[in-house]
Structure formats: structure tokens, C-alpha cells
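To start, the structure itself, in C-alpha cells.
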Amino acid sequence: MTASAPDPGTGTSGEIEVLRAGALTTVQDLGRPGSAHLGVPRSGALDPDALRLANRLVGNPESAAGLEITLTGCELRFRRAVTVALTGADVAVRVGRRPGDTGRPLSVPAGAVLRVDVPRVGLRTWLAVGGGIAVEPVLGSRATDTLSGLGPPPLRDGDRLPVGTPAGPPAPVDVTVTPPVPDELRLTVRLGPRDDWFTAVARERLLGGAYVVSPLSNRVGARLTGAPLPRAVAGELPSEGIVLGAVQVPAGGQPLVFLADHPTTGGYPVIGVVDDVTPLAQARPGTTVRFHGPQR
């Protein structure tokens, strides 16, 4: 990931020095969709719309790579003047000694340090830089896949990141509103393909009970704790395809909702599939999750 000089072959110029990487900061774009049949996960930003917005605010194509910052924030020094924008969680930002806002373009002078704090609410923040993060793409994407290891590794203190040439001016926007993060998430789930492997009690619990996001959750999946979902079929299931939002139930009966870095196959039965997993991108451990069926 370290880059000591601009790469004329990719049009990169300048560097970002990672002073403090935080608990988990990764390079993300819109991922590698369409290759699951080859065993390649989608990966990409857990909230693609948040990354798209950040990129628009700095004049990038929506597909440009940025940073996904998890919970503990980070500190970055920019070796040349850039425009940045942050979206996602409600978080305090400073450029040098100057406070900044999320949801709007921010000018960062050459040599200045950008500090992203712990979010007041929510879990993840997306940072776009004018020109994009120009690490080498892997299979058409610059996204870090924490499960398969594709793409650049998670950031570490002392890393340097190349920045591409800005494609256009920052967007003429005064402010964008950060969506509130609810204390309780309601997720639409469609039962199947293996709901018949579970008892009627399991289906009732899934659609009528409350679950809590576990601290063991990550970019692969949101692990939930609550009333276990008992099986009606005790046998083993051959591995089969897994999609984004699949609710897999391991032997212990606690559901797991697969997120961007999910595997492409799995051997535990999938009781249902969540229509939209984006709200889970901001769900801290302890957040209550309730499932309901599609509205008719």
C-alpha cells in the first residue's frame, strides 16, 4: 500500500500519511459485484450511497475509492492540498485546529492533519478525497475484502496512500443532512430458501421477536443474539450459494445477517434474506433488530 512517488501510469499524485489508523479503516469503493459465481465476494462500502454522496461532494465519480472508518476514528496527514468530504455517522472532524462538518466539502491545506473522532452516534464514516484513493485495483476494484484478503490490507499507522488527479470541482452544496440512526432497526426479510429446515416456532421468533447486535459483528456479517431458532431438519446441508443479506443460522440457533464481505457459499441453512442491509452499517453492538415480512 505504501507509495513513495506518483505513478504516471495511473495518474496519481500526492500521498496521505496515516498517523492513526484506528480500529478498522479500509479502502472501499462500490466493490466487485457480479463475480460470486467465480468465488469472488462483492465487498465494497457497507453503505454505498454514503460513499457515492461523499464522492459527489468532492467532484469524484461515484465509483471512486475512499476510506471506510469504523468507530474509533483516524488521523491523516495530507502532503498536498486536497478537498475531502465525510458522510455516514455523526462525528466531530478537525482540519488542523479548525473544526469541520460532515456532509460538505472541506479544504485541507498541504501538510494539515485531518482528525476524525469517535462518532456521537452510529458506527461508520466514509471519507472521499478529490481524485480518489488510487491504490492498485484488484479484479476491477480497490475495495478491501476482509474475508478473502482481496484488495489492500486494512490501514496501519505509518501507511501512505496515493491520491489520484481530481476529476472535477467540488459540488456546489452548502450542507447535507446526516440521516438519524434509530435505536431500533426494523428489517424486511423474505423467508427462504431453507425456511422449511426450521420449525414454526423458529419462524415466529424470527418475525415476532427482538434480537441484539453482537460485539462479534464485522464487515462479513452482523451476528445477532436472542431467542434461538430451532431446526426441524437435523441433517447436514451441502454448501450452496450465499447472497448479500442472507440470514444464516449456525448450529447454535443464533442468526447471522451477511454483509458486504460475506462468503459466496455456506453450509448452514438460510432462513431468509434481508431486502436492505444498509441500516446495519451504523448498528453498534447492543442495537435492537426486529424482522418483519414484506408489506403487501
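Per-structure values
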| quantity | calculated |
| --- | --- |
| Every pair of residues 6+ apart whose Cβ atoms lie under 9 Å, when the first sits in segment 267-294 and is not assigned by TED's automatic domain parsing to the domain that holds GLU68 and in a loop (DSSP other than H, G, I, E, B) while the second is surrounded by 17 or more Cβ atoms within 10 Å (Cβ to Cβ) and among the aromatic types (Phe, Trp, Tyr) | PRO269/TRP197; PRO269/PHE198; VAL277/PHE258 |
| Positions within segment 193-211 being small (Gly, Ala, Ser) and not in a strand (DSSP E or B), in sequence order | ALA200, ALA202, GLY208, GLY209 |
| Lone unmet requirement of (1) surrounded by fewer than 21 Cβ atoms within 10 Å (Cβ to Cβ); (2) over 22 Å from GLY221 (Cα atoms); (3) modelled with pLDDT of 90 or more; (4) among the small types (Gly, Ala, Ser) for ALA64 | (1) |
| Looking only at segment 212-226, and only at residues there that are out of contact with any Phe, Trp or Tyr (no Cβ under 8 Å at 6 or more places or on another chain) and part of a loop (DSSP other than H, G, I, E, B), the one that is surrounded by the most Cβ atoms within 10 Å (Cβ to Cβ) | ARG219 |
| Residue within segment 133-143 that is assigned to a loop (DSSP other than H, G, I, E, B), under 15 Å from the mean Cα position of the chain (by Cα) and either surrounded by fewer than 24 Cβ atoms within 10 Å (Cβ to Cβ) or at pLDDT 95 or above (or both) present | yes |
| Flag if THR125 is under 19 Å from ALA50 (Cβ atoms), not in a loop (DSSP other than H, G, I, E, B) and not assigned by TED's automatic domain parsing to the domain that holds PRO279 | yes |
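The values are calculated or read from the model by the stated rules, or taken from the named source; none is laboratory data. Bear in mind the structure is a predicted one, so any value in this text is a computation, not a measurement. Glycine gets a Cβ as well: all are built from the backbone with ideal geometry, and neighbour counts include every protein chain shown.
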